[in-house]
Amino acid sequence: EPRTRFFNKEWINPNDDLTLFTNVTRVNAVVVVLVRNTELYQLLEAMRDFEDRWNKKYNYPYVFLNELDFMEEFKNKTSALTNAKTYYGKIPAHMWSYPSWINQTKAAESRNEMASKGVIYGGVESYRHMCRFNSGFFFQHELLLPFDYYWRLEPSVKFFCDIDYDPFLFMQKNKLIYGFTISLKEYEETIPTLWNAVKQFIKEYPQHIPENNLMKFISNDNGETYNLCHFWSNFEIGDLNFWRSKPYQDFFNHLDKLGGFFYERWGDAPVHSIAVGLFAQKSQVHFFNDIGYYHLPFQHCPPESEYHNTGRCHCDPKENFDMILHSCTPKWFTI
Ligand code: GDP
Ligand code: MN
């Protein structure tokens, strides 16, 4: 059952011209937040920005997901921050546990080894489940099944500029399947055998790989090796039906069988991005340059002053990640 803080007309500030936004076409879309109870206050901060900069004008519903039960305090405080409907879901065990074919001793050994080498999140078991869930399952959760588009939101992120249009509608109108703000190179130690797995998949499922795909974004040598480029998936606006499609399902199951989510530390960002690279076309992917966004330690700040004027941004364009060393956005521009 959704929690709703019903909109009370007496609370409206007469200076807020809410009528501006009441006649808009709404998309069948949802804000999706995978989060822990312990991150409540970091999440409220992100939601506050997200609401003020955008969603208070649209009231798209939220789905919060967790492998544990959400606390009452968590539900009350997040619901109080928005006029939109809020839904709280528990992740079923099969979406957050070891598949039968995984050797858990081997997984634990690999975590120890990665931790001793100082690989980021190398020793963290829950991080593996999180990445596998975001790669293969969030779009199948029963609370997300009714929806077609999603916007992923995380605790502690910031939105720097007003967003005065509906990115969901933009996605739908332009038949887009994926939108990003930051792209960068992955740590190779987290995915040593991922690209071999991808090449195996391409050989096994050539029917899933269209010719004019985005391979150029993820490989500099026509598929021989991975260039480590990926869209930073803590921000995503996407088409849920892309992840539910047969090509992606076959892709995820192929990867899942190989066990790299546990024996290595395959992230949902490279997995999603490689899938977009394999199955999508350039015209289906959008760089949301106008959305100023921060997730530790990087930010996208629109370099053009026009966005700062219309969007009242409060970020420093000099801190923009787009064109620095580890960014893949220059590569995006070349293709
Ligand atoms: P990072 O962005 O790679 O540093 O990883 P985060 O710690 O931000 O995790 C990514 C997302 O998954 C965030 O929205 C977290 O709140 C969420 N998350 C990470 N680990 C867990 C977990 O064990 N349980 C739950 N429920 N959420 C998690
Ligand atoms: Mn994060």
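The values are calculated or read from the model by the stated rules, or taken from the named source; none is laboratory data. On a predicted model such as this, the values are computed, not experimentally measured, just so you know. Because the Cβ atoms are built from the backbone with ideal geometry, glycine has one as well, and the counts that use them run over all protein chains shown.
Things to note:
- Subset of region 96-139 that is of a type in the set (G, A, S) and under 29 Å from Y62 (Cβ atoms) - its residue that is surrounded by the fewest Cβ atoms within 10 Å (Cβ to Cβ): S126
- The residues of region 149-175 that are within 16 Å of ligand 2 (Cβ to nearest atom) and of a type in the set (V, I, T) amount to a single one, V157.
- Failed condition for A93, given (1) under 25 Å from the mean Cα position of the chain (by Cα); (2) buried (at least 16 other Cβ atoms within 10 Å of the Cβ): (2)
- F50 vs. criteria within 16 Å of ligand 1 (Cβ to nearest atom) and under 21 Å from M130 (Cα atoms): no
- Just one of (1) over 16 Å from D268 (Cα atoms); (2) among the polar types (S, T, N, Q); (3) in contact with a strand residue (DSSP E or B) (Cβ under 7 Å, 6 or more places away or on another chain) fails for N227. It is (3).
- Sole exception among (1) under 15 Å from Y150 (Cβ atoms); (2) in a loop (DSSP other than H, G, I, E, B) for V33, by number: (2)
- Where a residue in region 320-335 is assigned to a loop (DSSP other than H, G, I, E, B) and basic (K, R) and its partner, wherever it lies, is modelled with pLDDT of 90 or more and surrounded by 12 or more Cβ atoms within 10 Å (Cβ to Cβ), with Cβ under 7 Å and at least six apart: none
- T82 vs. criteria touching a residue at least 40 places away in the same chain (Cβ under 8 Å) and hydroxyl-bearing (S, T, Y): yes
- Residue check for G267: within 27 Å of I163 (Cβ to Cβ), within 16 Å of ligand 2 (Cβ to nearest atom) and either touching a residue at least 12 places away in the same chain (Cβ under 8 Å) or not charged (D, E, K, R) (or both): yes
- Condition check for S183: within 30 Å of T86 (Cβ to Cβ), hydroxyl-bearing (S, T, Y) and in contact (Cβ under 8 Å) with a residue 24 or more places away in the chain: no
- The residue that is nearest to ligand 1 (Cβ to nearest atom), among those in region 296-308 that are surrounded by 10 or more Cβ atoms within 10 Å (Cβ to Cβ) and assigned to a helix (DSSP H, G or I), is Y307.
- Pick from region 27-47, criterion free of Cβ contacts under 8 Å to residues at least 40 places away in the same chain and near ligand 1 (Cβ under 10 Å from one of its atoms), ranking: nearest to the chain's Cα centre (by Cα): R36
- Candidates in region 55-86 are the residues that are within 15 Å of ligand 1 (Cβ to nearest atom) and not in a loop (DSSP other than H, G, I, E, B); of these, the one that is farthest from D164 (Cα to Cα) is N66.
- Taking every residue in region 281-301 that is closer than 23 Å to H314 by Cα and touching a residue at least 60 places away in the same chain (Cβ under 8 Å) and pairing it with any residue that is of a type in the set (S, T, Y) and surrounded by fewer than 19 Cβ atoms within 10 Å (Cβ to Cβ), at least 6 positions away or on another chain, the pairs with Cβ-Cβ distances below 7 Å are L296/S156.
- Residue count, region 142-173 (criterion: within 15 Å of ligand 1 (Cβ to nearest atom) and outside any loop (DSSP other than H, G, I, E, B)): 4
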